[in-house]
Amino acid sequence: MRPFRLAIIAGEASGDALALRFLAQLRRRLGEREIVLCGVGDHGLPEAGLQTLFPQADIAVMGFGPVIARLPLLLRRMEDAARGIVAFEPDLLLTIDSPDFCLRVAKKVRARAPTIPIVHWVCPSVWAWRSGRARKMAPHVDRILALLPFEPEALARLQGPETVYVGHPLMERLAEFRPGTAQERQQREEAMRPLVLVLPGSRRSEIQHLMPVFGAAVAKVAASVPGARFVLPAVTRLQPMIEAASGQWPVKPEIVTGEAAKLTAFRHARAALAASGTVTLELALSQVPTVAAYRGAAWEAVLARKLVKLPSVILPNLILGRNVVPEFIQEEATAEALSRHLLAALAEGPARGAQLQGFAEVETIMRSAGESPAANAVEAALAVVERMSGRPVLSA
């Protein structure tokens, strides 16, 4: 039996982690059949056998300014990736996240080699903004593997590629985020001396705009709950910026770094004040009542209001189809509003109870895909390979 040839394009560390999970499940699925890898990736992928076309660092760039500065290299690497993949003649091209790069490579590959199956893992947020991208993906993406349960219906409505909900990787890590010992459960239940998570985001712009109002909100909560402890898990690269900003707060938070410290704080936390983003889903699955906020530059707010047509920007709210997490955007994100709702989330009562009930529903919905998102992703991808080749994968 000839080797199964898998091409992977992963543009950043989170994509590498998904690729490694996919590869592990693919090896289980194919048994003795050899797997040969080619593409772009890092953080364990070369060690797993990936023949890299060029360093991932060449394309790992975020932000409008940095992208413009590196545009000539990015365009060249798109061409290099497409050319290398077509020459590799894979049984499957798996592109992971990084849609601005990956989907352009997919388009080039489809134009040169129309019979190569192309599957993209992590649905772009076309349901939130720039919805026209969905229809544009359809000719060169055969299937999207979605992390969120509402995305298949959204992509169908927008006439995008066929989309399958395979589950979110967070579902495999629930025990890491939740109290596992009597001491952790006792800490979370302690209403008089609660631990409050403060999560101002992982981007410089978020830190810049949210830290002042978060500091004022923390001071108000501390005045009402004198025993409260405030813990801020910081991204290491932003720690100096966060320390400088929190140094101006009337009540200083305890700043921790590293994944282990973050998970410990999640397991102990009774409530959280967080920037909008994926962390709100982590908090929901951790069963930590949350108040969410977003502030950006004035021009960003004007643009967002024109482009984003959603009743909420908070993932748990979108999954449920109703708002259980209070959210405050731009000028609505005041210290008074944030602190008032955070106090309600800390106290036993209807506001806290409604969030916890909603989070239980989120978990049920998220579990609908099954226990292993990576195994689901492999099955969904191989179904495309078999459909396009006209023969079972194991007989190829």
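Against the chain, whose longest principal axis is taken from its Cα atoms, helix 350-366 shows a tilt of about 10°. Over all orientations, the chain has a Cα convex hull whose mean projected area works out to 19.7 square nanometres. Using alpha carbon centroids, what distance separates region 239-277 and region 14-59, in Å? If we compute the Cα centre of each part, the gap is 34 Å.
With all pairs of separate Cα atoms included, region 174-368 yields a Kirkwood hydrodynamic radius of 16.7 Å.
In this structure, the amide hydrogen of Val36, modeled 1.01 Å from its nitrogen in the peptide plane, lies closer than 5 angstrom to those of Phe4, Arg5, Leu6, counting only residues at least 5 positions away or on a different chain. In straight Cα distance, which aspartates and glutamates are under 12 Å from Lys220, not counting same-chain residues fewer than 8 positions off? Cross-link targets: Glu336.
No lab work stands behind these numbers, since they all come straight from the coordinates. Note that the structure is a prediction, hence the values are computed from the model and not measured.
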